[in-house]
Structures are given as C-alpha cells and as structure tokens.
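Trainee: Here it is: the structure, laid out below.
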C-alpha cells in the first residue's frame, strides 16, 4: 500500500478541488499574487509551475491546446500566460514562484501564505 501519494485533498470532492485550483491559478496569473492557506498555495504552486513549463515551449497549436485544457475558463489568462509571463522565464530551468509565509489567521489559526512570481 502506497501512503501519502498524490495531491492534497483540501477537504473537497475531486471536481470541487479541481475547480478551486483552476480558479486560483487564473487569479494568480491575472493579478500576480495570491494569498490563502498554505496547503492551497502548495497545490496552486504546483499547477502554476506546470502551466509555465508548458507555455515556455512557445505558442504553437498543441501547447495552447494543452494549457486551455488545464485552464478552460479564461482566454485572457491563457493569452497573458503566453504573451507576458512565459517569455520572462524562457531561460529559467524552474522555480517560477515563491511562497512567503504570513503567520496564522486570527479566526481559526490556519497557516496563511502568499504566492508571487520570482
């Protein structure tokens, strides 16, 4: 039996979790920073790193189709990824984002962090 393999569950059903991560990735691409709980940040960070790695290859039909498959809700975010964000990281081998811990939330003491571009 393989334990603790795969993604964080975030106390959500798989379709809800997928939609949550997609929406937060789109928000991060649009605004450049994201502040939420640390487990969510870690999931969003891994998704963003994969999207940037795909987009770095160029804007041919197949890569655009694959990024649209990951982010199907927002054409503007996909366009911004290919035109503005991916060219900045063309030579960088990985690690496009950084996580900054911000302490704990007052109401429920959940760990809060901020995700931003390097």
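Trainee: Taking only Cα atoms, what is the 0 to 90° angle, nearest 10, from helix 14-31's long axis to the longest principal axis of the chain?
Mentor: It is inclined by approximately 60 degrees.
Trainee: How high is the FRET efficiency from residue 63 to residue 31, r the C-beta distance, R0 22 Å, rounded to 0.05? Can you show the working numbers first?
Mentor: On the way: r = 23 Å, r/R0 = 1.06.
About 0.40, to the nearest 0.05.
Trainee: Could you identify which residue out of 14, 87, 39 has the top mean-square fluctuation in a GNM of the chain using Cα springs shorter than 10 Å?
Mentor: 14
Trainee: Same structure again: Taking the 0 to 90 degree range and rounding to the nearest ten, how far is the long axis of helix 38-55 tilted relative to the main principal axis of the chain, both from C-alpha atoms?
Mentor: The answer is roughly 10 degrees.
Trainee: Let me understand the chain better: what is its radius of gyration from the alpha carbons, and its Dmax, in angstrom?
Mentor: Here Rg and the maximum Cα pair distance are 14.9, 47 Å.
Trainee: For segment 51-118, what log10 I(q)/I(0) values come out of the Debye formula at q = 0.18, 0.22, 0.24, 0.26 1/Å, with one point per alpha carbon and no solvent?
Mentor: So the normalised log intensities are -0.73, -0.89, -0.98, -1.08.
Trainee: A further question follows. Can you work out the FRET efficiency for the pair residue 50 and residue 102, with r the C-beta to C-beta distance and R0 = 25 Å, to the nearest 0.05?
Mentor: Working: r = 25 Å, r/R0 = 0.98.
Taking R0 as 25 Å, the efficiency between residue 50 and residue 102 is 0.55.
Trainee: Next question, about the same structure. At 222 nm, what value in deg cm²/dmol follows for the chain if DSSP H runs of at least 4 each add -39500 (n - 2.57) and the sum is divided by all its residues, to the nearest 500? List each step's numbers first, then the result.
Mentor: Working: 4 runs with 52 residues, N = 118.
Result for the chain: -14000 deg cm²/dmol, rounded to the nearest 500.
Trainee: Between residue 79 and residue 19, what is the label-point separation in nm under the 7 Å Cα-to-beta-carbon projection?
Mentor: Calculated label separation equals 2.6 nm.
Trainee: When 36, 109, 63 are ordered from fewest to most other Cβ atoms inside 10 Å of their Cβ, what list results? Mind dumping the intermediate values first?
Mentor: Values: 36 19, 109 9, 63 16.
The order, fewest Cβ neighbours first, is 109, 63, 36.
Laboratory data are not the source of any read-out in this text; all were calculated from the coordinates shown. Only a predicted model underlies this, so the values are computations on that prediction, with no experimental measurement involved. Every residue, glycine as well, gets a Cβ built from its backbone with ideal geometry; the counts of neighbours run over all protein chains shown.
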